[in-house]
Amino acid sequence: MALSIIHETWHLRASCRGPESALFFPPSVAERRDVREAREAKAKTICAECSVQQECLEFALRVHEPHGIWGGLTEAERRRLLPDP
């Protein structure tokens, strides 16, 4: 049986590509809560206008992406959508 390979190209159309992509992931050093909340709010604003937001969220939920903002949701927000193991 041939292995099916799914080519996902939605990310090529994502609004988060480019110089602002750092907004979607926490920095390597600790950040204050107010700084994190501001960064996440900016990222979510970009997500809100993205043409592939739904595909992004579906991907993150499917692969259980543990980091960053995907489809307009933080790690904690996505965890709440997943069934308990």
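Rule-based calculations on the coordinates, nothing more; no lab input. What you see is a predicted model, and the numbers here were worked out from it, not measured in a lab.
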Tilt relative to the chain, helix 53-63 - C-alpha long axis, 0 to 90 degrees, to 10 | 70 degrees
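Would you calculate a helix-derived [θ] at 222 nm for the chain, using -39,500 (n - 2.57) for each DSSP H run of n ≥ 4 and dividing by the full residue count, to the nearest 500?
Working: 3 runs with 34 residues, N = 85.
Calculated at 222 nm, the ellipticity per residue is -12000 deg cm²/dmol.
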Would you indicate which of [x] 64; [y] 43; [z] 46 is the value of percent of Cα pairs over 18 Å apart derived from the coordinates of this structure?
-> [z]
Can you give the relative contact order of the chain as a percent, counting alpha carbon pairs under 8 Å and 6+ residues apart?
-> 29 percent
Looking only at Leu23, Leu61, Leu12, which one moves most when the chain is put into a Gaussian network model with springs between Cα atoms under 10 Å?
-> Leu12
Given backbone amide H placed at 1.01 Å from N, residues whose amide H is under 5 Å from that of Gly68, ignoring those fewer than 5 places away on the same chain, are Glu75
